[in-house]
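Okay, structure first, notes after.
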Amino acid sequence: MKDLEKILEEIEEMPYPTEGIGCGLEDAGITDRYEAAAYGWNEAVERIAEIIRSHMEDDGWIIWDGKNLPPEGELAEVTIKPKILKTPYRSIGYYDRDREEWWKYDDDGILDVIAWKMPSLPYRPKEE
């Protein structure tokens with residue numbers, strides 16, 4: 001519970017970015033105020049997610065750097081950086097060594113992977 005208190009405290013103390021407000025809007029071609037609000041919201045959510053992740057154990061995750069490959073032909077649990085929503089999420093994918101790309105297991109979509117790990121073992125009840 002103390003970790004949660006630390007996380008909440010860091011989020012509450014997160015500074016309002018008085019310098020650089022609006023930076024990136026022009027580069028992204030954003031001129032609509034609603035799109036600008038969504039952009040700001042996504043930036044804040046991304047910063048909060050970073051704060052939360054900084055308090056989490058790695059739990060077996062391997063940061064994807066293009067060098068550390070999963071075993072050949074094995075499915076891996078992956079953390080994906082989505083292109084529209086800014087909050088990373090988990091999926092199941094595999095690395096195609098011939099194409100040198102990550103692919104989503106269920107629909108063959110290319111993935112922008114942040115980290116991967118081998119899937120955890122399923123629950124097995126104790127035998128009596």
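The values are calculated or read from the model by the stated rules, or taken from the named source; none is laboratory data. Computed from a predicted model, the values in this text were never measured in an experiment. As a convention, Cβ positions derive from the backbone with ideal geometry for all residues, glycine included, and neighbour counts pool all protein chains shown.
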Q: Looking at (1) surrounded by 11 or more Cβ atoms within 10 Å (Cβ to Cβ); (2) modelled with pLDDT of 75 or more, find the lone condition where Tyr34 falls short.
A: (1)
Q. So which of Glu72, Glu77 is in the same structural domain as Asp98 (by TED's automatic domain parsing) and either part of a loop (DSSP other than H, G, I, E, B) or loosely packed, with under 11 Cβ neighbours inside 10 Å (or both)?
A. Glu72
